[in-house]
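**Student:** Pasting a structure here, questions to come.
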Amino acid sequence: MDTKINFAGIEMKNPVTVASGTFGYGREFQDFIDLNRLGAIITKGTSLKPRPGNKAPRICETASGMLNSIGLQNPGVEYFAEVDLPFLRKFDTKIIVNACGSTIEEYVELCKILNTLDIDGVELNLSCPNVKAGCLAFGTTYEGVKNVTSQVRKVLDKLLIVKLTPNVTDITVPAKGAEDAGADAISAINTLLGMKIDINKRAPILANNTGGLSGPAIKPVAVRCVYQIAQSVNIPVMGLGGIMNGEDAIEFMIAGASTISIGAGNFVDPTVAVKTIDGIENYMKKNKIEDLKEIIGSIKMN
């Protein structure tokens, strides 16, 4: 069996990655799994300068999922380069840095630095609020995605993945903006905007009032988005949203994803990523599939 995948120019031993914000910078999971088995590690969102994040409480459970409003807390790219990257480079896996910013200028300056580091790629988090546009997310419009991506493309020679928000009317529109601006790939989806209310206090549980919904509850939405994006662009797609096992991963790949990423599942079971790798291999054995690429985009519509 061949589980290797060439994802927009980088060779991965398998299609399984771990999603930004759910795996830290890898240290938290090294006692639970062999990090060498992963196709790639996507780091916690990293910004140009350190960010303190939002006030607590900023995470809560929901039915089949969780809400988070962490606020992209991170120590900044300088700390990442000096402390976290040397640790990650000890392992035989691809390193993709999730990059976030509040202005186009911040994204560009950050990616200039990332371009000089020994990493394999960058995932642009375009769900960040644009402080120059009333704090609307960059990723909600064709022009917004295209503007950020095109400016970053000018300074970044490495793999460029654009991560899209599902909080839009038609996700294929920002996907086309990413492709037209020179992105190498798309990852979908980021979290869905949600809220949970304490009925005794009659107030939102999260200090930020709303947060991002992730986990199995969003998987049907994510699969639909991946299918629509894969049908509308000619660059590869990384699928994520509620993946908990090999069968979930295969579902995303049939819909059109070349690779997948596991997020909230890491909080439920820290070994879920390697179990998913095993599950993909078992599916291939059971169905006598020798090459993973036979699965990608193999959906048969009714």
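The values are calculated or read from the model by the stated rules, or taken from the named source; none is laboratory data. Since this is a predicted model, take the numbers as computed values, not measurements. All Cβ positions, glycine included, derive from the backbone under ideal geometry; neighbour counts span all protein chains shown. Side chains included, ligands, DNA and RNA excluded: accessible areas come from the protein's heavy atoms. Shrake-Rupley method; radii C 1.70, N 1.55, O 1.52, S 1.80 Å.
**Student:** Just tell me which aspartates and glutamates come within less than 20 Å, Cα to Cα, of Lys275; anything on the same chain fewer than 8 places away is out.
**Tutor:** Result set, ordered by chain and number: Asp2, Glu28, Asp31, Asp34, Asp92, Glu247, Asp248, Glu251, Glu290, Asp291.
**Student:** What share of the DSSP beta bridges in the chain is antiparallel, in percent to the nearest 5? Write out the running numbers ahead of the final one.
**Tutor:** Values: 18 of 46 bridges.
Just about 40 percent of them are antiparallel.
**Student:** Here is a further query. Among Asn147, Gln30, Ile10, whose Cα sits farthest toward the positive end of the charge dipole of the chain (+1 at Cβ of Lys/Arg, -1 at Cβ of Asp/Glu, about the Cα centre)?
**Tutor:** Highest projection toward the positive end goes to Asn147.
**Student:** Could you please put Thr103, Thr191 in sequence from largest to smallest accessible area, using a 1.4 Å probe?
**Tutor:** Highest to lowest solvent-accessible surface, that is Thr191, Thr103.
**Student:** Still on this structure, please answer the following. Can you send over the solvent-accessible area of Arg224, 1.4 Å probe, protein chains only, in Å² to the nearest 10?
**Tutor:** Accessible surface of Arg224 is approximately 100 Å².
**Student:** In debye, nearest 20, what is the charge dipole magnitude of region 1-152 about its Cα centre with +1 on Lys and Arg Cβ and -1 on Asp and Glu Cβ, if you could check?
**Tutor:** Numbers: 15 positive and 17 negative charges, 53 e Å.
In total the dipole reaches around 260 debye.
**Student:** Let me ask something else. At 1.4 Å probe size, put Asp157, Asp278 in order of accessible surface, largest to smallest.
**Tutor:** Details: Asp157 130, Asp278 60 Å².
Ranking Asp157, Asp278 by accessible area, largest first, yields Asp157, Asp278.
**Student:** Compute, for the chain, the length of the dipole vector about the Cα centre, with Cβ point charges of +1 (Lys, Arg) and -1 (Asp, Glu) only. Units Debye, rounded to 20.
**Tutor:** Working: 31 positive and 32 negative charges, 134 e Å.
It comes to approximately 640 debye.
**Student:** In debye to the nearest 20, how big a dipole does region 219-287 give about its Cα centre with +1 on each Lys and Arg Cβ and -1 on each Asp and Glu Cβ?
**Tutor:** Details: 5 positive and 6 negative charges, 25 e Å.
Dipole magnitude for region 219-287 comes out near 120 debye.
**Student:** Next question. Considering the options Ile277, Leu213, Val237, tell which one lies farthest towards the positive end of the dipole of the chain, charges being +1 on Lys and Arg and -1 on Asp and Glu at the Cβ, about the Cα centre.
**Tutor:** It is Leu213.
**Student:** Counting heavy atoms of the protein chains only and a 1.4 Å probe, report the per residue accessible area for region 9-51 as a whole number of Å².
**Tutor:** Working: 1570 Å² over 43 residues.
Per residue, region 9-51 has 37 Å² of solvent-accessible surface.
**Student:** For the chain, what's the relative contact order in percent, using C-alpha pairs closer than 8 Å and at least 6 residues apart? If you can, show how the numbers build up before the last one.
**Tutor:** Working: 702 pairs, mean separation 59.3, N = 302.
Rounded, it is 20 percent for the chain.
**Student:** In region 51-171, how many lysine pairs have Cα atoms under 17 Å apart, counting only pairs 8 or more places apart or on different chains? Before the final figure, lay out the partial values.
**Tutor:** Working: Lys94/Lys158; Lys112/Lys154; Lys112/Lys158; Lys132/Lys146; Lys146/Lys154; Lys146/Lys163.
Going through region 51-171 pair by pair, I get 6.
**Student:** Looking only at region 136-288, where both bridge partners belong to it, what percent of the DSSP beta bridges are antiparallel (to the nearest 5)?
**Tutor:** Working: 5 of 14 bridges.
Rounded to the nearest five, the antiparallel share is 35 percent.
**Student:** A further question follows. Roughly how many percent of the accessible protein surface of the chain is carbon and sulfur, given a 1.4 Å probe and a whole-percent answer? Don't skip to the end; give the middle numbers.
**Tutor:** Working: 6700 of 13240 Å².
Carbon with sulfur: 51 percent of the solvent-accessible area.
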